[in-house]
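Colleague: Can you read through this structure? Questions will come right after.
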Amino acid sequence: MIPKANYHSDAIFADEMRLLFARGWQFVALTTELANDRDFVCVDHEGASTVVQNFRGEIKAFQNVCSHRFNRIQTEDRGNRLLMCGYHGWTYDKDGFPKGLPKREQFLSEDNTHLCLPHYPVETCGKFVFVDRGGGAASLREHLGDFHATLEAMSDYLGAEVQFCRVPHAANWKLLVENVLECYHCATVHRDTFVPWGVGKLPISDAVFDAGHSSAHFPRVDQPREELRQRYLSHLAERKFTHNSFFHIYIFPNLFISSSQGLSFYVGQVLPLSAERTMLRMRNFEPNVTLSDKHRARQDPINADSIATGLKLIEEDRAILENVQRGVRVSDRPGMIGDDEVRIRAFLEHYARAMAMPALQAVAAA
Ligand code: FES
Ligand SMILES: [Fe+2]
């Protein structure tokens, strides 16, 4: 366990932003969101505003703050427009230089490097796009380790995006991470969502760990009328990924990917706003299956249902996590981690190392 101050201290949060989020690879977007010229995705969290944008096929990442008077350049989560500041109209090129510059003679001199936006390395793994704002030494492949192959495979399973939204949480970002690393809470919190689907009774299986990343299956038990359900979903029988479980991947520090039997996929992105506030950016996908018009008519209501269930799940967790946030401020107990919560232990151990904290056991005993 880590000290409870790590869940609410502003000073520790500032250290986290410096040590964990301002350097090292961070998930920012999917390649599908950046497929066309001028497509952009904007990632804002405390202390950072980053834009990733397509410049005629080249994907570039810059600090999303204008060199002129500090206006944020792209102001939507994502979209398609020039990298043009909305204040005085400076328009930046693929090198981050304000090529379109009204009254340029007032600003240009011999050395114009200070006019360029700070730029960051961008790398992709399958459909997942990462940026390293600190320009760290490790490649993305090194950072992902065993999960590089996992993300490449998952990319192939993702079909069309069916939902994009954000959900604010009045809770520390680590509580959101810890919450998705276990399904021990599912039987209590998700009685109307996960449980009727058959998940939450069996222990986790096939857990994989690499540095702070981990994955596991949360097996499901077949439900009454299972055969009927299979028939209803038969148009997805040729999907590329099948497993009778909820499969979950966590990529340190900010990315969640999950698959519900390969029938639907979720990509969650954690954006810390302060020690006690976090934005969760959600994307949902259908499986990568070619559908006839008849099967499309069947799939659309299934997508609508999975969006509604996903939002309900997130709301169920959000209510609990905001309550935990209040509890963690007053408790004088160290807390406990059970066998079903081993991924939390791996996360916290990696977190403690990355934060240069004392060994976790020593902290727990202190
Ligand atoms: S602040 Fe961006 S153009 Fe002036
Ligand atoms: Fe949950």
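Colleague: For the range 65-104, which chymotrypsin sites (Phe, Trp or Tyr not before Pro) are in a loop by DSSP, counting at most 11 other Cβ atoms within 10 Å?
Modeller: F70
Colleague: Between E105 and F164, 0.36 nm times their residue separation minus their Cα-Cα distance comes to what?
Modeller: 17.0 nm
Colleague: Still on this model: What is the mean projected area of the alpha carbon convex hull for the chain, to one decimal in square nanometres?
Modeller: Projected over every direction and averaged, the Cα hull of the chain covers 20.0 nm².
Colleague: Here's another thing I want to ask about it. With n ≥ 4 as the cut-off for DSSP H runs, can you work out [θ] at 222 nm for the chain, using -39500 (n - 2.57) per run divided by the number of residues, rounded to the nearest 500?
Modeller: -8000 deg cm²/dmol
Colleague: Something else now. If you filter the range 69-120 for trypsin sites (Lys or Arg not before Pro), then keep DSSP loop positions with at most 11 other Cβ within 10 Å, what is left?
Modeller: For trypsin sites (Lys or Arg not before Pro) across the range 69-120 that sit outside H, G, I, E and B with at most 11 neighbouring Cβ atoms in 10 Å, the list reads R69, K103.
Colleague: Among the listed pairs K60/K174; K174/K312; K127/K240; K201/K240; K240/K312; K60/K127, give every one whose C-alpha distance is greater than 23 Å.
Modeller: K60/K174; K201/K240; K240/K312
Read-outs: derived from the displayed coordinates by stated rules, not from any lab. Small disclaimer: the values here were computed from a predicted structure and weren't measured. No Cβ is skipped: glycine too gets one built from the backbone with ideal geometry, and neighbour counts run over all protein chains shown.
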